[in-house]
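The values are calculated or read from the model by the stated rules, or taken from the named source; none is laboratory data. Bear in mind that the values here come from a model prediction, so they are computed numbers and not experimental data. Cβ coordinates were reconstructed from backbone atoms using ideal geometry, including for glycine residues, and neighbour counts include every protein chain displayed.
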Amino acid sequence: MTNVPGPRGGVAAGRVNRAALIAAARIEFEERGIDAPLSAIAKRAGVGQGSLYRHFPDRVALAVAAFEENIEEIEALGASGAPSLRAVTDLVTHQVEGATALIQLIATERADARVEHIADRLRAVVAAAWEASDAEAPDGVTADDVMLAISMVATAVSLSPSADRHRIAERAWSLLGPGIGQAAPVAARGGEA
């Protein structure tokens, strides 16, 4: 286990300890999912659990802080001009560190306003990409259906060994078929990579 180094005491160390906790949470969430032990996160960060709870009163607060960068990366992709649906789904399901844990958090803690805010931000990018997609979609398929597909693929990916995750995501998307799956929409949009 690689620890995340940083100062351990004093007022100035607070920011460094917080950053170390976030970095450690990202690693633990990626490796173990959203239910990773908080004690393992504190240990990896090189701080005590008291320090963890001073910065983050609960698991959701820590997860929201850990995934903020992921959401910003997804939003940046969305802001880069009508991204393809494939680009968004790739980013969400297997290119963003800890993305499967992000989807797990949204699925399990959706009623929490902090998580709802993240889910709404993610859905906005997916909806924009879906609406901009010129792929033929089956009748009645909505951006919410695409979010469901993302959740399904993320779950399959999260249950796979790290070395197999990209391949599993590709297979899962291809099984979802034209309009939602990645292979058909990419071909329909002129072969985007």
Does the stretch 23-35 contain any residue that is touching a Lys or Arg at 6+ places or on another chain (Cβ under 6 Å) and either small (Gly, Ala, Ser) or modelled with pLDDT of 95 or more (or both)? yes
So Glu72, is it at pLDDT below 90, within 30 Å of Leu21 (Cβ to Cβ) and part of a loop (DSSP other than H, G, I, E, B): no
Starting from the stretch 107-129, take each residue that is over 17 Å from Ala65 (Cα atoms) and list its partners that are outside any helix (DSSP H, G or I), counting only C-beta distances under 6 angstrom and pairs at least six apart or across chains. Ala129/Pro83
For a quick check of your reading of the model, give me the residue pairs whose first member lies in the stretch 16-38 and is of a type in the set (Ser, Thr, Tyr), whose second is buried (at least 24 other Cβ atoms within 10 Å of the Cβ), with beta-carbon atoms closer than 9 Å and at least 6 apart or on different chains. none
Residue hits (the stretch 157-193; at pLDDT 75 or above, among the hydrophobic types (A, V, I, L, M, F, W, C) and surrounded by fewer than 17 Cβ atoms within 10 Å (Cβ to Cβ)) are Leu159, Ala163, Leu175
